[in-house]
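Visitor: I'd like to ask you about the structure that follows.
The values are calculated or read from the model by the stated rules, or taken from the named source; none is laboratory data. Not measured: the values here are computed from a predicted model. Reconstructed Cβ throughout: ideal geometry from the backbone, glycine too, with neighbour counts over all protein chains shown.
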Amino acid sequence: MPRLAIPKTYKMLIGGALVRSESGRAIEMSGGNVCRSSRKDVRDAVKSARAAWPGWQARTAYNRGQIVYRLAEMLEARSGEFAELLGEGGGAEVAASVDLLVHYAGWADKYQQCLGTVNPVAMPYFNFSFPEPMGVVGATANRGLNGLLEALVPAITGGNTVVVLADDGSAIVASEFSEVVATSDVPGGVVNILTGLQSETLPHLAKHMDVNALVLTDEPQRQSVLEEATENLKRLVVSAPGRSSLEQIRLLQETKTVWHPVGV
Amino acid sequence: MSKTKTTKTGSAQVPHENGRTRPALRFDRAAAYAPAPEASDIVTIKARQGHFIDGEFVESAEGNSFETINPATEEVLGEVAKGSAEDVDRAVKAARKAYEKVWSKLPAAERGKYLFRISRILQERAREFAVLESLDGGKPIRESRDVDVPLAAAHFFYYAGWADKLDFAFGGRTTAPIGVAGQIIPWNFPLLMAAWKLAPALATGNTCVLKPAETTPLTALLLAEVLQQADLPPGVVNIVTGFGDTGAALASHKGIDKVAFTGSTEVGKRIQRTAKARHLTLELGGKAANIVFADCALDQAVEGIVNGIYFNQGHVCCAGSRLLVEESVHDRLIQKLEDRIQTLIVGDPLDKNTDIGAINSKSQLATIQRYLQAGVEDGCEIHQSRRTLPKKGFWCAPTYFTGVAQSSRIAQEEIFGPVLAVMTFRTPEEAIEKANNTMYGLSAGIWTDKGSKIFKMLSQMRAGVVWANTFNKFDPASPFGGYKESGYGREGGAHGLAAYLEVK
């Protein structure tokens, strides 16, 4: 008699812990049941992201780069598993995802020099501008592993913390990737991943006053959140084909300019 | 604590050190200046002016117009066309045609040359612009002459040079112009804001429809004459004058690819909700904290505080309207501030001695007065300049409130007038907490002689511009713009180019 398999309970990542939805709801998928997150889950995730942000943005850029690289290592170690999960072309997608992580790991301590400037003002002042993370970034992801990483990696590389809403189509991949995050060196709360129905959760993320920016997959999605997201002037970033990685990072950065007199 | 009391002998008393009082300084008598008005005959204002569309001045489609007045005298300066949706539509079509047929085909270096020309003509006609700006807006001639006009010319000169160097500004990233930009500007720096909007938009290859504020349309229309003088191709810049509904028609026009707005946070949000354009930048309100530590050069800080809040009658989105003072130095600082505001000359904007001009409009004066009332109602102590104000026109004495609570309306809301809210703190952490306790994040100030403290503070303040041991400094090369609900996007510097480009 064959051995009875042990199916996995898919969980979400909130505040560094793998948890099920507080609502006790699930969506039945062909690979198993995935969590159907609720408004409360969204709020918990934003709270965790906000709490984690001061520490994350204060880490050295070098350290953030190492942590993003560690994500690449952990994903590489599980690449077979992910390739199988993603089905046809999965191997290539996992490889691309690992390479994406490695690419961004290298950006962590470099984009500042590409985006920062010393400004030659016509007065006796020293004046410079540099990028600073926006804070808590909300994102939607719906294109497998790669889509998930494109939604969250530019944000965290740039010192933001994120709450990602994976749609039901990529929920299992997102749940598996949550385990990669949980077992790497990413501090709890820096990455939060919720599964379920975006149509249910996105409005709550869009109206949350402690979210600074939203990364959205397309223009209709932007239109759908516009009314609520405008309440605290969330920065709205819509994915665009062919956008460079540096630009992806820049779109989630503020620019701070500092003036100081020069004299004795 | 620093309330002015009157003694039996009738002389006003103000607090001195160690709880004692001393007679108030009377600068109005001791330092009276003879009038030194700038002549206004250099400016000729047409009785009636149209929109500037497709290179020509035209009447509005319905033939409607409105008056613009001198806020210092309430005299009518002239009439300008009142823009309708049809006028906006005409302007957008002209801009589209110019974009497709002319401007996008022009070599980048040639675009730049037009901007250099505009800058030079602005410098040549600087006096005219300065006088007109003060007449129409009420700002002191010293400011329009030394700040607004030279900075506007410098802005065109700066961005002129970027036109053929865009590839260098975005190393590794590709860029393309966006198309037609709809630009809506406020009344506090009318010409300068027009320059901030037009110069980067044109340098990056876009064409523009500009909507000046209803109380200050004149310098924008004079700028249109400069554009004609510079032979800028028709339709590249179009100017439609009017009120909020004209701005709304422009911001939500479907033929616009980009909206750039400077103004209140409330209107900025409305624009974000209704704009059809995919590209948007907003430069909105502010409530800047100006943080003064006990170890700073106190007299310099007082000058910075005065410049921070009373510059341009406080009609400045980045004004240092919240003063956070380290508790140990509060009384000494207030004493100096009290003396200093009594020296400020409030009056004729055209007088070269004037420090504080007229409030821009009757309605803005009413807004400021409502906040003065709110401050008193909230239990704050009001202190004002004792100088007499002119009878005609719109005026507000330089004002500061002490004993202000974080929750007070005058500490939370943008007043846009010469009104300062003074609060105290004990530790740097408390100062940061209080400074960031606002929905705004446009600017901030720090006063300390300790370098490491400056960097600690500036790294934690959520504001787009931080002035350390200075305040209210502007330059075309210096990016300007907000965090949080002060808007997004930057104007000035290489960063300002991105607002008008599709960057990949």
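Visitor: Can you tell me which residue in the range A:199-229 is nearest to A:VAL46 (Cα to Cα), limited to those that are without any contact (Cβ under 8 Å) to a residue 60 or more places away in the chain and touching a strand residue (DSSP E or B) at 6+ places or on another chain (Cβ under 9 Å)? Give the steps one after another, and end with the answer.
Guide: Kept after step one, since they are without any contact (Cβ under 8 Å) to a residue 60 or more places away in the chain, are these residues of the range A:199-229: A:199, A:203, A:207, A:209, A:218-220, A:222-229.
With touching a strand residue (DSSP E or B) at 6+ places or on another chain (Cβ under 9 Å) added as a condition, the list becomes A:218-219, A:222, A:224-226, A:229.
Numbers: A:ASP218: 22, A:GLU219: 24, A:ARG222: 19, A:SER224: 20, A:VAL225: 17, A:LEU226: 19, A:ALA229: 15 Å.
Checking each candidate, the answer is A:ALA229.
Visitor: Within 30 Å of A:LEU115 (Cβ to Cβ) and touching a residue at least 40 places away in the same chain (Cβ under 8 Å) - does that describe any residue in the range B:122-142? If you could, list the steps in order and put the result at the bottom.
Guide: Our first condition is that a residue be within 30 Å of A:LEU115 (Cβ to Cβ); within the range B:122-142, this holds for none.
No, every residue in the range B:122-142 fails to be within 30 Å of A:LEU115 (Cβ to Cβ) and touching a residue at least 40 places away in the same chain (Cβ under 8 Å).
Visitor: Let me ask something else. Say we look at the range B:150-184 and pick out the residues that are in a loop (DSSP other than H, G, I, E, B), among the small types (Gly, Ala, Ser) and more than 10 Å from every other protein chain (Cβ to nearest Cβ); which of these is surrounded by the most Cβ atoms within 10 Å (Cβ to Cβ)?
Guide: Of all residues in the range B:150-184, those in a loop (DSSP other than H, G, I, E, B) come to B:163-165, B:170-174, B:178-179.
Pick out the ones that are also among the small types (Gly, Ala, Ser) and you get B:163, B:171-172, B:179.
Next, only the ones that are more than 10 Å from every other protein chain (Cβ to nearest Cβ) stay: B:163, B:179.
Details: B:ALA163: 25, B:GLY179: 21.
My answer is B:ALA163.
Visitor: Let me ask something else. Has the range B:252-262 got any residue that is of a type outside the set (Asp, Glu), modelled with pLDDT under 95, within 16 Å of A:LEU236 (Cβ to Cβ) and over 19 Å from the mean Cα position of the chain (by Cα)?
Guide: Filtering the range B:252-262 down to residues of a type outside the set (Asp, Glu) leaves B:252-256, B:258-262.
Going one step further and asking which of them are modelled with pLDDT under 95, we end up with none.
The answer is no; no qualifying residue exists.
Visitor: Please go through the range B:457-475 and pick out each residue that is within 7 Å of chain A (Cβ to nearest Cβ), free of Cβ contacts under 8 Å to residues at least 24 places away in the same chain and of a type in the set (Gly, Ala, Ser).
Guide: B:ALA468
Visitor: In the range B:178-193, which residues are out of contact with any strand residue (DSSP E or B) (no Cβ under 6 Å at 6 or more places or on another chain) and within 30 Å of B:PRO71 (Cβ to Cβ)? Break it down into steps so the answer makes sense when it comes.
Guide: Taking the range B:178-193 first, the residues out of contact with any strand residue (DSSP E or B) (no Cβ under 6 Å at 6 or more places or on another chain) are B:179, B:187-192.
Selection gives B:TRP187, B:ASN188, B:PHE189, B:PRO190, B:LEU191, B:LEU192.
Visitor: Let me ask another. Name the residue, out of B:GLU485, B:GLU491, that is within 14 Å of another protein chain (Cβ to nearest Cβ), crowded, with 21+ Cβ neighbours inside 10 Å, touching a Ser or Thr at 6+ places or on another chain (Cβ under 6 Å) and among the acidic types (Asp, Glu). Before you say what the answer is, go through the steps one by one.
Guide: Details: B:GLU491 fails: touching a Ser or Thr at 6+ places or on another chain (Cβ under 6 Å).
Selected residue: B:GLU485, the only one of B:GLU485, B:GLU491 that is within 14 Å of another protein chain (Cβ to nearest Cβ), crowded, with 21+ Cβ neighbours inside 10 Å, touching a Ser or Thr at 6+ places or on another chain (Cβ under 6 Å) and among the acidic types (Asp, Glu).
Visitor: Further question on the same structure: Checking the condition among the hydroxyl-bearing types (Ser, Thr, Tyr) and surrounded by 23 or more Cβ atoms within 10 Å (Cβ to Cβ), which residue from A:THR217, A:THR201, A:THR230 passes? Before the answer, list the steps.
Guide: Numbers: A:THR217 fails: surrounded by 23 or more Cβ atoms within 10 Å (Cβ to Cβ); A:THR230 fails: surrounded by 23 or more Cβ atoms within 10 Å (Cβ to Cβ).
Just a single option satisfies the conditions, and that option is A:THR201.
Visitor: With the range B:12-126 as the region, which strands (runs of 3 or more DSSP E) entirely inside it contain at least 3 residues that are over 30 Å from B:GLU381 (Cβ atoms)? Spell out how you get there, then give the answer.
Guide: On the way: elements: B:12-15, B:21-23, B:51-53, B:56-58, B:65-70, B:75-81.
Hits in the range B:12-126: B:51-53, B:56-58, B:65-70, B:75-81.
Visitor: Sticking with this one: Quick one: which of B:PRO418, B:PRO398 is in contact with a Cys (Cβ under 8 Å, 6 or more places away or on another chain) and more than 14 Å from chain A (Cβ to nearest Cβ)? Quick ask: steps written out before the conclusion?
Guide: Working: B:PRO398 fails: in contact with a Cys (Cβ under 8 Å, 6 or more places away or on another chain).
Just one listed residue meets the conditions, B:PRO418.
Visitor: Further, regarding this structure: Taking into account only those residues within the range B:349-375 that are among the charged types (D, E, K, R) and surrounded by fewer than 15 Cβ atoms within 10 Å (Cβ to Cβ), which is nearest to B:GLY137 (Cα to Cα)? So that I can check it myself, show each step before the final result.
Guide: Within the range B:349-375, the subset among the charged types (D, E, K, R) is B:351-352, B:355, B:362, B:370.
Next, from what is left, pick out any that are surrounded by fewer than 15 Cβ atoms within 10 Å (Cβ to Cβ): B:352, B:362, B:370.
Details: B:LYS352: 16, B:LYS362: 12, B:ARG370: 21 Å.
Here the residue is B:LYS362.
Visitor: Confirm whether B:GLY242 is under 28 Å from B:GLU414 (Cα atoms), surrounded by 22 or more Cβ atoms within 10 Å (Cβ to Cβ), within 14 Å of chain A (Cβ to nearest Cβ) and of a type in the set (Gly, Ala, Ser).
Guide: no
Visitor: So, one more: Please go through the range B:397-436 and pick out each residue that is small (Gly, Ala, Ser) and touching a Gly at 6+ places or on another chain (Cβ under 8 Å).
Guide: Residues of the range B:397-436 that are small (Gly, Ala, Ser), as a first pass: B:397, B:403, B:405, B:407-408, B:411, B:417, B:421, B:431, B:435.
Hits for the range B:397-436 are B:GLY403, B:ALA405, B:SER408, B:GLY417, B:ALA421.
Visitor: What helices (runs of 4 or more DSSP H) lie completely within the range B:392-504 and have 1 or more residues being under 30 Å from B:LEU344 (Cβ atoms)? Break it down into steps so the answer makes sense when it comes.
Guide: On the way: elements: B:409-412, B:428-436, B:451-460, B:495-498.
By residue number, B:409-412, B:428-436, B:451-460.
Visitor: Strands (runs of 3 or more DSSP E) wholly in the range B:257-302 with at least 2 residues that are touching a residue at least 60 places away in the same chain (Cβ under 8 Å) and within 12 Å of another protein chain (Cβ to nearest Cβ) - which ones? Reasoning before the result, please.
Guide: Working: elements: B:258-262, B:279-283, B:289-292.
Counting at least 2 such residues, we get B:279-283.
Visitor: Here is a check on your reading of the model: is B:THR354 among the hydroxyl-bearing types (Ser, Thr, Tyr), modelled with pLDDT of 95 or more and more than 14 Å from B:GLY417 (Cβ to Cβ)?
Guide: When the stated conditions are applied, B:THR354 passes them.
Visitor: Continuing with the same structure: Please enumerate the residues belonging to the range A:244-264 that are of a type outside the set (A, V, I, L, M), at the interface with another protein chain (Cβ under 9 Å from one of its Cβ atoms) and assigned to a strand (DSSP E or B).
Guide: So in the range A:244-264, the residues of a type outside the set (A, V, I, L, M) come out as A:244-245, A:247-248, A:250, A:253-257, A:259-261, A:263.
Subset that is at the interface with another protein chain (Cβ under 9 Å from one of its Cβ atoms): A:244, A:247, A:250, A:254-257, A:259-261.
A:GLU254, A:THR255, A:LYS256, A:THR257, A:TRP259, A:HIS260, A:PRO261, listed by residue number.
Visitor: Checking the structure you have, find out if any residue of the range A:236-243 is at the interface with chain B (Cβ under 9 Å from one of its Cβ atoms), polar (S, T, N, Q) and under 26 Å from A:LEU101 (Cα atoms).
Guide: The answer is no, given that none of the residues of the range A:236-243 is at the interface with chain B (Cβ under 9 Å from one of its Cβ atoms), polar (S, T, N, Q) and under 26 Å from A:LEU101 (Cα atoms).
Visitor: Go through (1) closer than 25 Å to A:ALA122 by Cα; (2) polar (S, T, N, Q); (3) touching a helix residue (DSSP H, G or I) at 6+ places or on another chain (Cβ under 7 Å); (4) free of Cβ contacts under 8 Å to residues at least 40 places away in the same chain and name the single condition B:SER478 misses.
Guide: Condition not satisfied by B:SER478: (3).
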